[in-house]
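Report on the structure given below.
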Amino acid sequence: EAQHALPEYVVEKLVGEAFSRLDRNAQMVMQALAVYARPVPPVAVDFLLQPYVQAADSAQTLRHLVNMHFVRKESGRYLLHPIDCDYALSRVAAAPDSNRQDGKPDLTQQSLRRRAADYFKKTVTPRDSWKTIEDLAPQLNEFDLRCAAGAAGDYEEAATQQRMQALMAY
């Protein structure tokens, strides 16, 4: 089985070629999914891209990417194959973010991860409604993304949030 697999550089070349043929909006949607690195609804993609794309409405682009087999859809949520995820994320600068002159954050992995964490922060449900471990997913996803952002203060913010303290008490 393993002897029939394509060499890694060939797969990366094929993924890169296919990615480069997408329009900029589709590329950015794939990059948003790569930042989340977990199944998310279209509203999460729209939230993440809002500072960078005029009138972000990713639902149609996501459907198109599913039809092209770039993106998988599971229970109304979208995700990338790990190889596509790695490639799409590699196309986003990893450098620390700063604010541009127009006040918008630079398009970097760090700024996108922070914004993705902010999305999950907004989706937290009240503690008294928690019934299963799945109810804690937004807090865990936010924590994970803040740690992945890895910038000064992100670890601190992730660790000191009241939600995480409440989660530990759960």
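The values are calculated or read from the model by the stated rules, or taken from the named source; none is laboratory data. Model, not experiment: these values are computed from the prediction. FYI the Cβ positions are ideal-geometry reconstructions off the backbone, even for glycines, and counts take in every protein chain you see. To get the accessible areas, we keep the full protein, side chains included, count just its heavy atoms, and leave off ligands, DNA and RNA. Shrake-Rupley method; radii C 1.70, N 1.55, O 1.52, S 1.80 Å.
Worth a mention:
- Placed amide H near A93: partners under 5 Å, 5+ positions off or other chain: Q109
- The candidates V124, V92, arranged from most to least accessible area with a 1.4 Å probe in the full protein assembly, appear as V124, V92.
- Extension gain for the segment E12 to R63, taken as residue separation times 0.36 nm less the Cα-Cα distance, is 16.0 nm to one decimal.
- For V71, the residues whose amide H sits under 5 Å from its own are V66, ignoring neighbours fewer than 5 places away on the same chain, with H placed 1.01 Å from N.
- Spacing of the two label points (7 Å from each Cα toward its C-beta) at D128 and A94, in nm: 4.6 nm
- Percent accessible area from carbon and sulfur atoms, the stretch 1-94, protein chains only, probe 1.4 Å: 52 percent
- Distance between modelled label sites at I83 and K121, nm, 7 Å Cα→Cβ extension: 3.7 nm
- Amide H contacts of Y78 (H built 1.01 Å from N, in plane; Pro and chain starts excluded): V40 sit under 5 Å, all sequence-distant by 5 or more or on other chains.
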